[in-house]
Amino acid sequence: MKKILLCIVTLFLVSCVEKTKPYSIAIDKSWYSLALNGVEANLNGFINDLLLEISKEKKIYFEIIDNNFDELPIDLKKKKYAAILSPMEPYNFNKAKYDFSKDIIKTGFVLMIAKEAKYKSLSNMLNKHVGYISDTGSVIFLQKYANIFEEPYISLPTMLDDIANGNIEGAILSIIPAYKYATDLYQNQLKTVEPPLNDQAIRLVTLKDQNQDLLNLFNASIAQMEKDNRLKELKKKWSLPH
């Protein structure tokens, strides 16, 4: 388990926080549970910038702990850190054990189609061919529609090329790489369909009824950054969906 102290390099802020105990937050920087397809560095850069902004705004600082995905909730339960940053879903059974912050960034799946296509949702794609990456679990969204032809892929670029070339009508992929491809390499050929197919998002997660001060500070900062568009600008900086 690697520990990294996130510091603000200004004498003023250091003097404000040097006597304050840091909030320890654990994160899996590989984002193993998300299908990011090489965009991990963008997400980590955004998270680092976000925590720096909150540090400056609230005059606090964080100890960032890099941990494995499967150990995050285990060590949180052992109180080895105050919180985790996680795409854990706020289902009722999770809410019984944890408290969740406001959404930081959406991480669910989205439908991607050709730029000129008019499809508004999967329900418009009956008898059409829709691709998915085999090991991401995204096929579950297609299984709801008996008349959509499921097309499994191993290679994401091959799948996107097939949409652009008209070999398939669409594909399901994680919103973060989908946004990057739609605004970069395939900006003239492909687009995403809003809203996402599920409500998964990265949030700050704490044990139930514990570290409420951290959760309140975090939520207040996110709300303010949404209000003044700083959160949107940070996402744009790192080529993330906003």
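No value in this document is a laboratory result; all are computed from the given coordinates. Note that the coordinates shown come from a computational prediction; the quantities given were computed from them, not determined experimentally. Note: ideal-geometry Cβ built from the backbone for every residue, glycine included; neighbour counts use all protein chains shown.
Determine the sum of side-chain charges near A164: Lys and Arg each +1, Asp and Glu each -1, restricted to other residues whose C-beta is under 13 angstrom from that of A164.
So the environment of A164 carries a net charge of -2.
Label D184 and K80 with points 7 Å out from Cα along Cα→Cβ: what is the distance between them in nm?
Modelled inter-label distance: 3.2 nm.
In deg cm²/dmol, rounded to 500, what helix-only [θ] at 222 nm does the chain give when every DSSP H run of at least 4 residues adds -39500 (n - 2.57) and the total is split over its residues?
-9500 deg cm²/dmol
First select every other residue whose beta carbon is under 13 angstrom from the beta carbon of I154; then total the charges, Lys and Arg +1, Asp and Glu -1.
Taking every Cβ under 13 Å from that of I154, the sum is -3.
As a test, work out the antiparallel percent of DSSP beta bridges whose residues both lie in the chain, rounded to the nearest 5.
60 percent
Loop-only GluC sites (Glu not before Pro) in segment 75-169, please: DSSP not H, G, I, E or B, and at most 10 other Cβ atoms within 10 Å.
Hits after loop and neighbour filter: E116.
If you take every DSSP beta bridge fully contained in segment 109-193, what fraction is antiparallel? Give it as a percent rounded to 5.
55 percent
Could you tell me which of the pairs K115/K236; K118/K235; K59/K180; K58/K227 are separated by over 25 angstrom between their Cα atoms in the structure shown?
In this structure, K118/K235; K59/K180 exceed 25 Å between Cα atoms.
Given +1 on the Cβ of Lys and Arg, -1 on the Cβ of Asp and Glu, and no further charges, what dipole in debye does segment 109-193 carry about its Cα centre, rounded to the nearest 20?
The calculation lands at about 360 debye.
Give me the distance between the Cα centres of segment 177-208 and segment 56-114, rounded to whole Å.
17 Å
Please build a GNM for the chain, connecting alpha carbons under 10 Å apart, and tell me which residue among A171, A96, A220 fluctuates the most.
Maximum fluctuation in the GNM of the chain, among the listed residues, is at A96.
In what sequence do L173, L122 fall when counting other Cβ within 10 Å, fewest first?
L122, L173
Roughly what would the spin-label model give for N167 and Y32, points 7 Å off Cα along C-beta, in nm?
Going from the N167 label point to the Y32 one covers 3.3 nm.
Quote the charge dipole size of the chain about the Cα centre in Debye, to the nearest 20; the model charges only the Cβ of Lys and Arg (+1) and of Asp and Glu (-1).
740 debye
Under the rule of at least 5 residues apart or a separate chain, name every residue whose amide H is placed under 5 Å from the amide H of N198.
F109
Give me M88, M125, M112 ranked fewest to most by other Cβ atoms within 10 Å of their Cβ, as a rough exposure proxy.
M88, M125, M112
Taking Cα pairs under 8 Å and at least six residues apart, what relative contact order does the chain come out at, in percent?
27 percent
What is the magnitude of the charge dipole of segment 140-242 about its Cα centre, with +1 placed on the Cβ of each Lys and Arg, -1 on the Cβ of each Asp and Glu, and no other charges, expressed in debye to the nearest 20?
Approximately 400 debye in magnitude.
Quick check: net charge around N229, other residues with Cβ under 14 Å of its Cβ, Lys/Arg +1 and Asp/Glu -1?
For residues surrounding N229, the net value is +2.
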